[in-house]
Amino acid sequence: IGQVKKIEIMNSLSALWHGRCPRCHQGSIFKFPFSRIGKFAEMNTECPSCKVSFMPEPGFYFGSLFVSYSFNVAIMAGVFLILYLTVNPPDWVYGTSLVGVSVLFIPFSFRYSRILFLYWFGGLQRK
């Protein structure tokens with residue numbers, strides 16, 4: 001891989017991490033930051049910078065449920081293994097910990113499942 005290709009990949013990964021438009025890497029996909037807990041799910045309908053639509057078709061984001069599910073399974077498996085290998089608590093601690101961590105990661109899971117789905121299947125390549 002050439003140096004230019006590496007830079008392009010790093011720019012795309014940075015834009016993905018920051019929730020930026022897959023086409024221009026400038027506009028934000030979501031209206032509000034993570035810190036606005038009540039509004040973490042509100043998306044822009046189009047890129048504020050390049051005006052490309054973030055809604056390719058009706059029901060497009062239903063597929064992101066599978067990505068979100070994968071995130072939750074990975075998070076729960078990680079928490080379970082950490083608890084099991086370190087302290088091996090009673091069953092109620094496992095249940096409470098898994099539910100608590102799942103609830104805490106809802107904004108992360110929701111946002112990044114949609115961002116990844118848009119990047120992978122949205123048809124919005126960098127110009």
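The values are calculated or read from the model by the stated rules, or taken from the named source; none is laboratory data. The structure presented is a predicted model; accordingly, all values stated were derived computationally and were not measured. Backbone-built Cβ (ideal geometry, glycine too); neighbour counts: all protein chains shown. Accessible surface areas use protein heavy atoms only, side chains included; no ligands, DNA or RNA. Shrake-Rupley method; radii C 1.70, N 1.55, O 1.52, S 1.80 Å.
One table, with the values for the structure above:
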{"quantity": "Which numbered condition Ile9 fails, given (1) in a loop (DSSP other than H, G, I, E, B); (2) aliphatic (A, V, I, L, M); (3) farther than 22 Å from Ser109 by Cβ", "calculated": "(1)"}
{"quantity": "Residue count for the range 14-30, restricted to those that are open to solvent by 30 Å² or more (accessible area, probe 1.4 Å) and over 17 Å from Phe108 (Cβ atoms)", "calculated": "3"}
{"quantity": "Where a residue in the range 96-114 is open to solvent by 80 Å² or more (accessible area, probe 1.4 Å) and its partner, wherever it lies, is at pLDDT 90 or above, with Cβ under 6 Å and at least six apart", "calculated": "Phe105/Ile75"}
{"quantity": "Matching residues, the range 36-69, being small (Gly, Ala, Ser), more than 15 Å from the chain's Cα centre (by Cα) and closer than 13 Å to Pro107 by Cα", "calculated": "Gly38"}
{"quantity": "Test: residue in the range 28-44 that is more than 30 Å from Val103 (Cβ to Cβ) and assigned to a helix (DSSP H, G or I)", "calculated": "no"}
{"quantity": "Test result for Phe66, exposed (fewer than 14 other Cβ atoms within 10 Å of the Cβ), in contact with a Pro (Cβ under 6 Å, 6 or more places away or on another chain) and of a type in the set (A, V, I, L, M, F, W, C)", "calculated": "no"}
{"quantity": "The one condition in (1) part of a helix (DSSP H, G or I); (2) under 17 Å from the mean Cα position of the chain (by Cα) that Tyr84 fails to fulfil", "calculated": "(2)"}
{"quantity": "Extreme residue, modelled with the highest pLDDT, among residues of the range 1-10 that are open to solvent by 80 Å² or more (accessible area, probe 1.4 Å) and not β-branched (Val, Ile, Thr)", "calculated": "Met10"}
{"quantity": "Members of the range 93-127 found to be over 23 Å from the mean Cα position of the chain (by Cα) and under 22 Å from Lys39 (Cβ atoms), listed by number", "calculated": "none"}
{"quantity": "Test: residue in the range 77-92 that is of a type outside the set (A, V, I, L, M), open to solvent by less than 90 Å² (accessible area, probe 1.4 Å) and within 21 Å of Pro33 (Cβ to Cβ)", "calculated": "no"}
{"quantity": "So Gly27, is it among the small types (Gly, Ala, Ser) and out of contact with any Cys (no Cβ under 8 Å at 6 or more places or on another chain)", "calculated": "no"}
{"quantity": "Condition check for Lys39: in contact with a Lys or Arg (Cβ under 8 Å, 6 or more places away or on another chain), free of Cβ contacts under 8 Å to residues at least 24 places away in the same chain and at negative phi", "calculated": "yes"}
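One line per residue, one yes/no per condition, for (1) of a type in the set (D, E, K, R); (2) closer than 27 Å to Ile9 by Cα; (3) in a helix (DSSP H, G or I):
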position	(1), (2), (3)
Tyr61	no, yes, yes
Asn88	no, no, no
Val93	no, no, yes
Leu98	no, no, yes
Ser113	no, yes, yes
